[in-house]
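The structure appears right after this line, and notes come after that.
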Amino acid sequence: MPEKNCIFCKIVAGEVAAHVVYDDQDFLAFLDIRPATPGHALVIPKTHHRWVWDVPNIGAYFEAVKKIALAQKKAFGTDVVTSKIIGEEVPHAHVWLIPDAKGDKKDFDGNAEKIRNSMS
């Protein structure tokens, strides 16, 4: 069930724009609006869960996370993708994926396209 004031629920509902890199029945990944590196993405469940550990199909969640991380490695030619699970900034489960990438971190369209094109 979506939370009325949750920015991530609004992104899932299409009420707030995002640079989406992955979208399936249960999960969504999009670029962070304040990226640490080019291609810095957030992976969220489409249903509202406060914490990652509350996501009922956590195995499928981490399969999606892995798919995106592997695409980031390919897209940016790096072996390093840092993952973080903090969850205090936005009260909706999310995993950060931060590739060790060079380039323009504000090139949202270009970076999102690189990741989408690198999906296996």
Discussion item. If the requirement is being in contact with a strand residue (DSSP E or B) (Cβ under 8 Å, 6 or more places away or on another chain) and exposed (fewer than 13 other Cβ atoms within 10 Å of the Cβ), which of these qualifies: Ile98, Ile86?
Written reply: Ile86
Discussion item. Out of Thr82, Thr37, Thr47, Thr78, I need the residue that is of a type outside the set (Asp, Glu), farther than 25 Å from Asp109 by Cα and at pLDDT 95 or above. Which one?
Written reply: Thr47
Practice prompt. Looking at (1) under 13 Å from the mean Cα position of the chain (by Cα); (2) free of Cβ contacts under 8 Å to residues at least 12 places away in the same chain, find the lone condition where Asp24 falls short.
Written response: (2)
Worksheet entry | strands (runs of 3 or more DSSP E) within the stretch 2-59 that include 3 or more residues crowded, with 20+ Cβ neighbours inside 10 Å and in contact with a helix residue (DSSP H, G or I) (Cβ under 7 Å, 6 or more places away or on another chain) | 27-31, 41-45
Worksheet item: Does Ala75 qualify as being within 18 Å of Met119 (Cα to Cα), touching a Gly at 6+ places or on another chain (Cβ under 7 Å) and in a loop (DSSP other than H, G, I, E, B)?
Response: no
Practice prompt. Please indicate, with yes or no, whether at least one residue in the stretch 105-119 is touching a residue at least 12 places away in the same chain (Cβ under 8 Å), surrounded by fewer than 17 Cβ atoms within 10 Å (Cβ to Cβ) and more than 23 Å from Val16 (Cα to Cα).
Written response: yes
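The values are calculated or read from the model by the stated rules, or taken from the named source; none is laboratory data. Nothing here was measured: the structure is a model prediction, and the numbers come from that model. For neighbour counting, all protein chains shown are included, and Cβ atoms are generated from backbone atoms with ideal geometry for every residue, glycine included.
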